[in-house]
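Bear in mind that the values in this text are calculations on the coordinates, not laboratory data. Only a predicted model underlies this, so the values are computations on that prediction, with no experimental measurement involved. As a convention, Cβ positions derive from the backbone with ideal geometry for all residues, glycine included, and neighbour counts pool all protein chains shown.
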Ligand code: FES
Ligand SMILES: [Fe+2]
Ligand SMILES: [Fe+2]
């Protein structure tokens, strides 16, 4: 993807640096530029910091057009990332609330995660899409989702070499399915691209980055944070478990909504596939992945539940942002004025 | 999972998870197509995509917790 436009002092320095310099020759350029203070009232809603974090993480996934690939492991960039991550993680721990986990076997873990998913009182974007979304709102919904769904499963794959035993087998079984079970064209990210194209949207990863609000970026940055740190492997497992557990029923509603708007296969394939797939995945993720991980190392339990609770909390904020905008007849994406260079 | 045959997990308050080697047939001997190697079969009766589970059991309380 192309480097996105900046959204404030930190992202401005970062993006300019990536665009202009080569990592090895220009150490002093980094030193001068990347000491910018990180100021934000609420990092979850900070356009500047969430965009910066997104850009820093993306260097580890697919990188950016015409940006030197060596930036990925540049010490100064890693230091900047660590400073933003520290604030971000602190905030996530704050909003996720205390973990109330009762120790037990893998089935007990699964049951407690299912209870968490059931009690998740987050705003129902899926009911809105099913019943009343307009075509434009359905497009906006896909644009928000695209920043994760076009690389669906990738953030959780970082955890593979960090797990073992039952938890690892479970993660592999889920990921194999996410990546299309070896069938070319059947990766969930590819099915999502078909859905987007069916609504005449650009399915190139990152095509709409400039239109996404900070909170949408925060939800995908959270996965990269959990995925890229071995220390947080419990969190990424909990995150995946809760994603799988809050998927089948909403996806059935999305499918209904897109059919109501006159679409059918291949647009609805992504949603139909997830109704069936995630009814399988949620069982494996709860019992074998999260449960297996905790059975192997009981000390990781609070981190698993923190990851799950943080996922619920952030996604509730994303949903709230979308519904508040749509209910007042506004766009949930960044407007042209918001996107004007500062 | 063993290398031959199949294994079924009965999920409390949930579906049957079937993995391994299996085929599913309907009452007329017609194969029920699936391209999944591990499937969840509905046990609660409420799924809209039977014989597969669609997660609806979570809204139903069809089986007491033990
Ligand atoms: S067992 Fe899941 S829908 Fe019936
Ligand atoms: Fe998926
Ligand atoms: Fe899944």
Could you check how many residues of the stretch B:25-46 are out of contact with any strand residue (DSSP E or B) (no Cβ under 9 Å at 6 or more places or on another chain) and away from ligand 2 (no atom under 16 Å from the Cβ)?
9
Unmet criterion (only one of (1) surrounded by 20 or more Cβ atoms within 10 Å (Cβ to Cβ); (2) within 16 Å of ligand 3 (Cβ to nearest atom)) for residue A:179:
(1)
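Quick test for you: out of A:90, A:81, pick the one residue that is closer than 18 Å to residue A:229 by Cβ, without any contact (Cβ under 8 Å) to a residue 40 or more places away in the chain and buried (at least 17 other Cβ atoms within 10 Å of the Cβ). Quick ask: steps written out before the conclusion?
Details: A:90 fails: buried (at least 17 other Cβ atoms within 10 Å of the Cβ).
Answer to the check: A:81.
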Which of (1) more than 16 Å from ligand 2 (Cβ to nearest atom); (2) within 14 Å of chain B (Cβ to nearest Cβ) does residue A:126 not meet, given it meets every other one?
(1)
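How about the stretch B:10-36: which of its residues are closer than 16 Å to residue A:285 by Cα and either touching a residue at least 60 places away in the same chain (Cβ under 8 Å) or more than 7 Å from chain A (Cβ to nearest Cβ) (or both)?
Step one: list which residues in the stretch B:10-36 are closer than 16 Å to residue A:285 by Cα, which gives B:10-19.
Within the stretch B:10-36, B:10, B:13, B:16, B:18, B:19 meet the criteria.
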Residues A:323, A:317: which one is crowded, with 16+ Cβ neighbours inside 10 Å and under 17 Å from the mean Cα position of the chain (by Cα)?
A:317
Do you know which residues across the stretch A:231-283 are within 14 Å of chain B (Cβ to nearest Cβ), touching a residue at least 40 places away in the same chain (Cβ under 8 Å) and over 20 Å from the mean Cα position of the chain (by Cα)?
A:253, A:256, A:268, A:269, A:280, A:283
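Answer yes or no: is there a residue in the stretch B:27-46 that is within 16 Å of ligand 3 (Cβ to nearest atom) and under 18 Å from residue A:249 (Cα atoms).
Narrowing the stretch B:27-46 to residues within 16 Å of ligand 3 (Cβ to nearest atom): B:34-40.
Applying the additional criterion that residues be under 18 Å from residue A:249 (Cα atoms) yields B:39-40.
Within the stretch B:27-46 (the criterion being within 16 Å of ligand 3 (Cβ to nearest atom) and under 18 Å from residue A:249 (Cα atoms)), the answer is yes, since at least one residue qualifies.
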Selection from the stretch B:52-66 of residues surrounded by fewer than 18 Cβ atoms within 10 Å (Cβ to Cβ), in a loop (DSSP other than H, G, I, E, B) and within 11 Å of chain A (Cβ to nearest Cβ) yields B:61, B:65, B:66
If we keep just the residues of the stretch A:176-230 that are within 14 Å of another protein chain (Cβ to nearest Cβ) and part of a loop (DSSP other than H, G, I, E, B), which is nearest to residue A:160 (Cα to Cα)?
A:179
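Within the stretch A:246-342, considering only helices (runs of 4 or more DSSP H) that don't extend past its boundaries, which have at least 2 residues that are within 24 Å of residue A:122 (Cα to Cα)? Give the steps one after another, and end with the answer.
Numbers: elements: A:248-260, A:269-283, A:291-296, A:301-327.
Those helices (runs of 4 or more DSSP H) span A:248-260, A:269-283, A:301-327.
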